[in-house]
Amino acid sequence: MLKGDFLRLLPQPDLAGAEEAYLTAIRGANTGGRHLIEIQALTRLVGLRRQIGHSPDGSDELASLYATFSEGFEEYDLVMARQVLG
């Protein structure tokens, strides 16, 4: 996930590389059952895809994952996901 963030911040951003890094983070977090990391990476992926105009942007997946949480809605990562879902 951090690799994706770094690639987006370069003077000449590598948005395709950032997208792949986020997808890799999502797959790894999903496989390991790490839902908080998964929602972090998915939130960033949706933001990136919206930035570049990619459709679908992944917001359906983000909404589905967000719906699995039953507590902690004031935590930063869930607040950010909710804002992206708007």
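Selection within segment 33-45: residues that are farther than 18 Å from Glu19 by Cα and surrounded by 12 or more Cβ atoms within 10 Å (Cβ to Cβ). The member of this set that is farthest from the chain's Cα centre (by Cα) is Arg34.
For Arg27, the test of being crowded, with 19+ Cβ neighbours inside 10 Å and either modelled with pLDDT of 95 or more or aromatic (Phe, Trp, Tyr) (or both) is failed.
What's the total number of residues in segment 46-60 that are among the hydrophobic types (A, V, I, L, M, F, W, C) and under 10 Å from the mean Cα position of the chain (by Cα)? Spell out the reasoning first.
Taking segment 46-60 first, the residues among the hydrophobic types (A, V, I, L, M, F, W, C) are 46, 48, 52.
After this cut, where a residue has to be under 10 Å from the mean Cα position of the chain (by Cα) as well, the list is 46, 48.
Matching residues across segment 46-60 total 2.
Out of the residues in segment 16-45 that are of a type in the set (Gly, Ala, Ser) and assigned to a helix (DSSP H, G or I), which is nearest to Val79 (Cα to Cα)? If we take residues in segment 16-45 being of a type in the set (Gly, Ala, Ser) and assigned to a helix (DSSP H, G or I), then Ala41 is nearest to Val79 (Cα to Cα).
For segment 46-86, which residues satisfy the criterion of being surrounded by 14 or more Cβ atoms within 10 Å (Cβ to Cβ) and not in a helix (DSSP H, G or I)? The answer is His54, Asp57, Gly58, Phe69. Beta carbons closer than 7 Å, at least 6 apart along the sequence or on distinct chains, pair a first residue in segment 3-21 that is more than 17 Å from Ile37 (Cβ to Cβ) with a second that is of a type in the set (Asp, Glu) and at pLDDT 95 or above for Leu7/Asp14. The residues of segment 46-84 that are among the charged types (D, E, K, R) and within 16 Å of Leu23 (Cα to Cα), listed by number, are Arg49, Arg50, Asp57, Asp60, Glu61.
Taking (1) under 10 Å from the mean Cα position of the chain (by Cα); (2) closer than 13 Å to Val84 by Cα; (3) hydrophobic (A, V, I, L, M, F, W, C) in turn, Ala63 satisfies each apart from (1).
Scoring Arg8 on the criteria (1) buried (at least 16 other Cβ atoms within 10 Å of the Cβ); (2) within 15 Å of Leu65 (Cα to Cα); (3) basic (Lys, Arg) leaves a single failure, condition (2).
The values are calculated or read from the model by the stated rules, or taken from the named source; none is laboratory data. Everything numeric here is computed off the predicted structure, so don't read it as measured data. When we count neighbours, we look across all protein chains shown, and the Cβ atoms used for this are built from the backbone with ideal geometry, even at glycine.
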